[in-house]
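Below is one structure, written out as structure tokens, with a few remarks after it.
The values are calculated or read from the model by the stated rules, or taken from the named source; none is laboratory data. Keep in mind the model is a prediction, meaning the values are calculated, not measured. When we count neighbours, we look across all protein chains shown, and the Cβ atoms used for this are built from the backbone with ideal geometry, even at glycine.
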Ligand SMILES: [Ca+2]
Ligand SMILES: [Ca+2]
């Protein structure tokens, strides 16, 4: 990765291909920075280059943990009581499945071997109910399984549970109200499933539910507010899908959400703070480092910081622990399996109110002044912990006051919920707003290092 200047323009060579995306930058100073960066890039013409404009930075950060002991792909991963369990998969250069179970402790950054699964399986899926990890489906070298295997970390022991109705490779699972839902997958022999089947540990039985509108395998599932979101995957032709379909267990019905920007299969999907993160996978252009975030509240997608290492489809697995995502397993484009633990701390989506008390939020790009923006606190987020120095709205920084040592931010309860919010005054002269824009993005960082992002509507006036 190459960093250029302090302008916030960052350049990264992408091994896996991609398009050259750039934002229109309004201000002269930023244009100069852009062209300076461009001339440097000409030297790097051999690489495929992706531009990330300033407001696309700080969409989460990636770090690396200790390598896992066993290289494999097609495993499942789930967290129980702050420990990530990686189960099953297939070793490098082999189509056979393994029963290997290894546990990663983020507090100590160490791995421990655990009791093996009763049935070795790859391209399986996992969910956690009441401290028990359920590993469902998958298969061996030569056929799909309908096994359900339950792991109790407190006793380091496995139990076989009643098999699910449909054997399949590459389904995805989510848990709602202590029920494990398993959707999609493939037979490995020319059938792709739309099936949704649900396991209830209290009755120890399976129920067949309404099928997904779109049959697919190697999809990802995440749960927000009791709704399952089934994302991406592949159809029978092996074509990568951008499909987002949402299942409401209360009504046993499916609906359609906004498609994922990058169609892919073999991705992993996890939820942090009500936002789904779709990570990695692949499509016809190869393995992807892509990370995209879906916010069900707005039915919209946002690009996040890419993974450092591409991991191929049929391969990677992840689960969050304390607001941080741990990604394990996977296969590199050269077919080497990945040992590395990649750790993603996503940007926190927060509520903002541009021009508090005013709507529409009209912005006059011709005027030189400030616009107030409120960063709202919630039950889980204290806006007063946001560092004013880090705050930008549409690229504009917070105005300095006094002798230039203080930021024009104040703590006020702007929405009357009894919790103090942060109100900052941002320099409009620094705005990087494209003509016709109808929203503006705020970015920042808390004193504790958590990246935040908020978005509100704007109406540009002349
Ligand atoms: Ca407003
Ligand atoms: Ca408030």
Legend entry - Residue list for segment 385-430, restricted to those being exposed (fewer than 15 other Cβ atoms within 10 Å of the Cβ) and at positive phi: 402, 404, 416, 418
Inset, instruction - Determine which member of the set 68, 97 is within 23 Å of the chain's Cα centre (by Cα), assigned by TED's automatic domain parsing to the domain that holds residue 156, crowded, with 19+ Cβ neighbours inside 10 Å and part of a loop (DSSP other than H, G, I, E, B). - result: 68
Inset, instruction - Mind checking which strands (runs of 3 or more DSSP E) fall wholly inside segment 351-443 and carry at least 2 residues that are more than 16 Å from ligand 1 (Cβ to nearest atom) and in contact (Cβ under 8 Å) with a residue 12 or more places away in the chain? - result: 409-412
Legend entry - Among residues of segment 154-166, those that are at negative phi, in a loop (DSSP other than H, G, I, E, B) and surrounded by fewer than 19 Cβ atoms within 10 Å (Cβ to Cβ), counted: 5
Inset, instruction - May I ask you to verify whether residue 448 is touching a strand residue (DSSP E or B) at 6+ places or on another chain (Cβ under 6 Å) and either in a loop (DSSP other than H, G, I, E, B) or in contact (Cβ under 8 Å) with a residue 60 or more places away in the chain (or both)? - result: no
Legend entry - Check on residue 372, under 27 Å from the mean Cα position of the chain (by Cα) and either away from ligand 2 (no atom under 16 Å from the Cβ) or within 19 Å of residue 458 (Cα to Cα) (or both): no
Inset, instruction - Scan the strands (runs of 3 or more DSSP E) fully inside segment 203-302 and keep the ones with 3 or more residues being in contact (Cβ under 8 Å) with a residue 12 or more places away in the chain and under 28 Å from residue 439 (Cα atoms). - result: 220-224, 227-231, 244-248, 268-272, 275-279, 291-295
Inset, instruction - Please tell me if residue 146 is out of contact with any helix residue (DSSP H, G or I) (no Cβ under 6 Å at 6 or more places or on another chain) and free of Cβ contacts under 8 Å to residues at least 24 places away in the same chain. - result: yes
